[in-house]
Amino acid sequence: MWLWIHKFGSPPHAYRLLGKLAPWFGWPALGLILLATWWGLVKAPADYQQGDAFRILYVHAPSAWMSMFTYVVMAVAAGIGLIWRIKLAHAAAAAAAPIGAAFTFLALVTGSIWGKPMWGTWWVWDARLTSELLLLFLYLGYMALRASFDDPQRADRASAVLAIVGVINVPIIHYSVVWWSTLHQAASVTKLDKPSIALPMLIPLFIMIAGFQLYFGWLICRRLRAEILRRERNASWLKEAN
Amino acid sequence: MRRAAVSAAARLVFTRDLTLAWRRWDEVAQPLIFYVVVTTLFPLATTPDLTELRKIAGGVLWVAALLSSLLALESLFRSDVEDGTMEQWVLSGQPLGWLLLAKVACHWVLTGLPLVVISPIIGTALGLPFDAWGTLIVSLLLGTATLSVLGGIGAALTVGVRRGSVLLSLLVLPLAMPLLIFGSRAVTMAMDGDSPAGPLQLLAAIFFLVLSLGPLAMSAAIRISVES
Amino acid sequence: MVPEGAVLEARAINAWRGERHILRDVSFTVHAGEFLKVTGPNGVGKTTLLRVVCGLLPAESGEVHWCGRPVRGASDEFHAQLGYLGHPNSLKADLTARENLRFLAGLRQALSDKEIDAALDRCGILSRGDLPSRSLSAGQKRRLALARLLLAEASLWVLDEPVTNLDTAGITLVEELIQEHVQRGGLALAAAHQRLLDHSPNLRRLEMR
């Protein structure tokens, strides 16, 4: 087990392995996302209340799910890097952060667009959107902290501490926001996070989530490869490869 | 060897910071003045009508408390890291988390506590009724103490960084949102005549969580910061 | 005070500073009663080596052993035996010399006023004891840092350029202190590019290039 980790942890090996893995994530992701898009936009029936507007759910819900999933992945990678001093894990955390921030941003934008036909306004302070916004702040803080160090190793470990503190806080933040929004129920009309959707609408949603997961896998392979190249730009194995 | 006990070492850290603050009391007073100034902004920016102000009083007091505590935390570890004191603490053979917690506790006594004490007076100026004083004080006691530890983690992470002050706020404010939500809600509930026990208990729970894990995170962060 | 058969071992230490591979497989051993002087030109990694030994900097690979046990994982016990004098003097400008010693050396062990005065006297700054350290000269500040090192009662001294800012009398003082420490069975490790104890029988050198 340890031998395997160290072998995988060596940059040249990881670089090659990630290159081989990427297409195994990329093509299925593309297929599933296309299938779910077709299913969601064409085949699934329109909602009797919201009409066609609800279809943005097929982007919003998977993005929101991925935004939290990515934060957990990032924090776990950072923790592994911090405890077992594995550089590749730190690189993975660094590679994951912008992806997570992008998913969070996408969830916010689609939520906002969804809000327009639903409530007639671009922004509603409902629990889901507000906690997504706070999550975006967490991502931005993480990336800002990482960027402010000159020494990549200190950046790795300092941001790892922040990611771990953050991941402990995420549930607290989430539930405090939910608690806060239920107290102001008059302000928000319905909540986005508990839609009672019929099964024919759910199937494409699950396909889309699976597609997003694979897409994340593909992205992380590509970004991690780039991160390895950036960190190892002076290493001998790269010069030999050229 | 006459190894000093952890409690003795923590007491020394606490006394040292009190001594230093006594010789630099102007710096200690600044966050408190900032707190008063910020709360003055709200009536000027909105309305002097006390019945209107009363609606936002809890929120105003809490936002101002949050910001001025953060302002004070920015320089918490800076001088100790820069003059090399911190590396001696790391190498003292004492558990670093306890030393840092003692330092944060002293900082809270010097900045957080005065802020809590002055709050009812400012609250009255914003239309806060006497009945809500107790809740305001308890919520701010728990909230500022929690924030001191949370901010201590942030300050320990950003101490060696360019333009650390803005970064500190960016890191700590999202983490402090639950405090703001529960704290200002507790005050508002007390003003409306409801029992604020729920949010106060949640604040207390967060305080104990942060108190138990915070020293670990602070010492990890300080060890990274003294490397340079 | 010094554990029987105390020995400090560095085994194949590698460390990076940013993009520079600054320590390559550095190994050395210091036994009780020995003084190891690390020499070499500026920027060769003397400070980095000392900080890795103390545990202030993580090594990329390699280990530091104290009395045969790896330091990693038992760092508090190791640090209790370690006295470190770094580049900064670790003084608070607003505190007097006495207060500086009480608040910093006191973290390690309970100190009486007599012990503090003795250390100040040994370092030749007893008359400055109640002055705020901001009003001390650079050399006097270094002497105050030396007094703190004495009060640490450590068995292993790690000194980074101990004679910086010191006059000839000060350099002699440092040499005497190291000699006494080593003769008591202590271990000392110092980075120095000045002459320091060049003719001592206990001296060993680590030349870095």
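Would you check which residues across segment B:157-171 are facing chain A (nearest Cβ under 7 Å) and either within 16 Å of the chain's Cα centre (by Cα) or of a type in the set (A, V, I, L, M) (or both) and list them?
Scanning segment B:157-171 gives B:157, B:161, B:167, B:170, B:171.
Rundown of residues vs (1) surrounded by 18 or more Cβ atoms within 10 Å (Cβ to Cβ); (2) in contact with a Ser or Thr (Cβ under 7 Å, 6 or more places away or on another chain); (3) over 18 Å from residue B:11 (Cα atoms), yes/no style:
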site	(1), (2), (3)
B:86	yes, no, no
B:107	yes, yes, no
B:113	no, no, yes
B:125	no, no, yes
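Count, please, the residues in segment C:93-120 that happen to be in a helix (DSSP H, G or I), of a type outside the set (A, V, I, L, M) and within 11 Å of another protein chain (Cβ to nearest Cβ).
Let us first name the residues in segment C:93-120 that are in a helix (DSSP H, G or I), namely C:97-105, C:113-120.
Remaining after also requiring of a type outside the set (A, V, I, L, M): C:98-100, C:102-103, C:113-115, C:117.
Cutting the leftovers down to within 11 Å of another protein chain (Cβ to nearest Cβ) gives us C:99-100, C:102-103, C:115.
Selection size over segment C:93-120: 5.
Residues are listed down the side, and each one gets a yes or a no for (1) buried (at least 18 other Cβ atoms within 10 Å of the Cβ); (2) modelled with pLDDT of 90 or more; (3) more than 10 Å from chain B (Cβ to nearest Cβ); (4) in a loop (DSSP other than H, G, I, E, B):
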position: A:135; (1), (2), (3), (4): yes, yes, no, no
position: A:163; (1), (2), (3), (4): yes, yes, yes, no
position: A:233; (1), (2), (3), (4): no, no, yes, yes
position: A:237; (1), (2), (3), (4): no, no, yes, no
position: A:240; (1), (2), (3), (4): no, no, yes, no
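Among the residues of segment B:180-194, is any of a type outside the set (D, E, K, R), out of contact with any Gly (no Cβ under 7 Å at 6 or more places or on another chain), over 22 Å from residue B:53 (Cβ atoms) and more than 9 Å from chain A (Cβ to nearest Cβ)?
No.
Please indicate, with yes or no, whether at least one residue in segment C:138-159 is part of a loop (DSSP other than H, G, I, E, B) and exposed (fewer than 15 other Cβ atoms within 10 Å of the Cβ). Break it down into steps so the answer makes sense when it comes.
In the first step, residues of segment C:138-159 are kept if they are part of a loop (DSSP other than H, G, I, E, B); the result is C:152-155.
When the remaining residues are screened for being exposed (fewer than 15 other Cβ atoms within 10 Å of the Cβ), the result is none.
Checked segment C:138-159: no residue is part of a loop (DSSP other than H, G, I, E, B) and exposed (fewer than 15 other Cβ atoms within 10 Å of the Cβ).
Report, by residue number, each residue of segment C:60-103 that is more than 19 Å from the chain's Cα centre (by Cα) and not assigned by TED's automatic domain parsing to the domain that holds residue C:141.
Across segment C:60-103, the qualifying residues are C:60, C:61, C:62, C:63, C:68, C:69, C:70, C:72, C:73, C:74.
So which of B:168, B:203 is crowded, with 22+ Cβ neighbours inside 10 Å and more than 28 Å from residue A:149 (Cβ to Cβ)?
The conditions single out B:203.
Can you tell me which residues in segment C:46-61 are modelled with pLDDT of 90 or more and either out of contact with any Gly (no Cβ under 9 Å at 6 or more places or on another chain) or of a type in the set (S, T, N, Q) (or both)?
In the first step, residues of segment C:46-61 are kept if they are modelled with pLDDT of 90 or more; the result is C:46-57.
Residues satisfying the conditions are C:47, C:48, C:49, C:53, C:55, C:57.
Is it the case that residue A:104 is among the β-branched types (Val, Ile, Thr), buried (at least 21 other Cβ atoms within 10 Å of the Cβ), in contact (Cβ under 8 Å) with a residue 24 or more places away in the chain and more than 10 Å from chain B (Cβ to nearest Cβ)?
Details: among the β-branched types (Val, Ile, Thr): yes; buried (at least 21 other Cβ atoms within 10 Å of the Cβ): yes; in contact (Cβ under 8 Å) with a residue 24 or more places away in the chain: yes; more than 10 Å from chain B (Cβ to nearest Cβ): yes.
When the stated conditions are applied, residue A:104 passes them.
Considering each residue of segment B:4-17, count those that are among the aliphatic types (A, V, I, L, M), surrounded by 14 or more Cβ atoms within 10 Å (Cβ to Cβ) and more than 7 Å from chain C (Cβ to nearest Cβ), and give that number. Talk me through it step by step, then tell me what you get.
Taking segment B:4-17 as the starting set, the residues that turn out to be among the aliphatic types (A, V, I, L, M) are B:4-6, B:8-10, B:12-13.
Retained after the next criterion (residues that are surrounded by 14 or more Cβ atoms within 10 Å (Cβ to Cβ)): B:4, B:6, B:8-10, B:12-13.
Applying the additional criterion that residues be more than 7 Å from chain C (Cβ to nearest Cβ) yields B:6, B:10, B:13.
The total comes to 3.
Let's see how each residue does on (1) more than 21 Å from residue B:88 (Cα to Cα); (2) touching a residue at least 60 places away in the same chain (Cβ under 8 Å); (3) charged (D, E, K, R):
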site: C:115; (1), (2), (3): no, no, yes
site: C:125; (1), (2), (3): yes, no, no
site: C:130; (1), (2), (3): yes, no, yes
site: C:135; (1), (2), (3): yes, no, no
site: C:140; (1), (2), (3): no, no, no
site: C:152; (1), (2), (3): no, yes, no
site: C:159; (1), (2), (3): no, yes, no
site: C:171; (1), (2), (3): yes, no, no
site: C:180; (1), (2), (3): yes, no, yes
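Do the conditions hold for residue C:164, that is, is it touching a Lys or Arg at 6+ places or on another chain (Cβ under 9 Å), among the β-branched types (Val, Ile, Thr) and under 22 Å from residue C:40 (Cα atoms)?
Numbers: touching a Lys or Arg at 6+ places or on another chain (Cβ under 9 Å): yes; among the β-branched types (Val, Ile, Thr): yes; under 22 Å from residue C:40 (Cα atoms): yes.
Criteria met by residue C:164.
Please give the number of the condition residue B:93 fails out of (1) out of contact with any Asp or Glu (no Cβ under 6 Å at 6 or more places or on another chain); (2) farther than 24 Å from residue B:169 by Cα.
(1)
Sort out which residues of segment C:67-93 are touching a residue at least 40 places away in the same chain (Cβ under 8 Å), buried (at least 23 other Cβ atoms within 10 Å of the Cβ) and touching a strand residue (DSSP E or B) at 6+ places or on another chain (Cβ under 7 Å), and write them in order of number.
Result: C:82, C:83, C:84, C:85.
Are any of the residues in segment C:39-50 part of a strand (DSSP E or B), of a type in the set (S, T, N, Q) and assigned by TED's automatic domain parsing to the domain that holds residue C:187?
Within segment C:39-50, the first condition is being part of a strand (DSSP E or B), and the residues that meet it are C:39.
After this cut, where a residue has to be of a type in the set (S, T, N, Q) as well, the list is C:39.
Restricting the remaining residues to those that are assigned by TED's automatic domain parsing to the domain that holds residue C:187 gives C:39.
Yes, that holds for at least one residue.
What number of residues in segment C:12-34 are under 22 Å from residue A:153 (Cα atoms) and either at pLDDT 90 or above or part of a strand (DSSP E or B) (or both)?
Going residue by residue through segment C:12-34, those that are under 22 Å from residue A:153 (Cα atoms) are C:12-26.
Checking which are either at pLDDT 90 or above or part of a strand (DSSP E or B) (or both) leaves us with C:12-17, C:20-26.
Count: 13.
Identify all residues within segment A:74-94 that are surrounded by fewer than 22 Cβ atoms within 10 Å (Cβ to Cβ) and under 14 Å from the mean Cα position of the chain (by Cα); write none if there are none.
A:76
Would you mind telling me which numbered condition in (1) facing chain B (nearest Cβ under 9 Å); (2) surrounded by 20 or more Cβ atoms within 10 Å (Cβ to Cβ); (3) in a loop (DSSP other than H, G, I, E, B) residue C:59 fails?
(1)
Please verify whether segment B:72-94 includes one or more residues that are among the acidic types (Asp, Glu), in contact with a Gly (Cβ under 7 Å, 6 or more places away or on another chain), more than 30 Å from residue B:190 (Cβ to Cβ) and in a helix (DSSP H, G or I). Working first, answer last.
Going residue by residue through segment B:72-94, those that are among the acidic types (Asp, Glu) are B:74, B:80, B:82-83, B:87.
Still in the running and in contact with a Gly (Cβ under 7 Å, 6 or more places away or on another chain): B:74, B:87.
Now restrict to residues that are more than 30 Å from residue B:190 (Cβ to Cβ): B:74, B:87.
Adding the requirement that they be in a helix (DSSP H, G or I) leaves B:87.
Checking segment B:72-94: at least one residue is among the acidic types (Asp, Glu), in contact with a Gly (Cβ under 7 Å, 6 or more places away or on another chain), more than 30 Å from residue B:190 (Cβ to Cβ) and in a helix (DSSP H, G or I).
The values are calculated or read from the model by the stated rules, or taken from the named source; none is laboratory data. Every value quoted in this text rests on a predicted model; they were computed, and no experiment measured them. Positions of Cβ are generated from backbone atoms using ideal geometry, with glycine treated the same way; all protein chains shown enter the neighbour counts.
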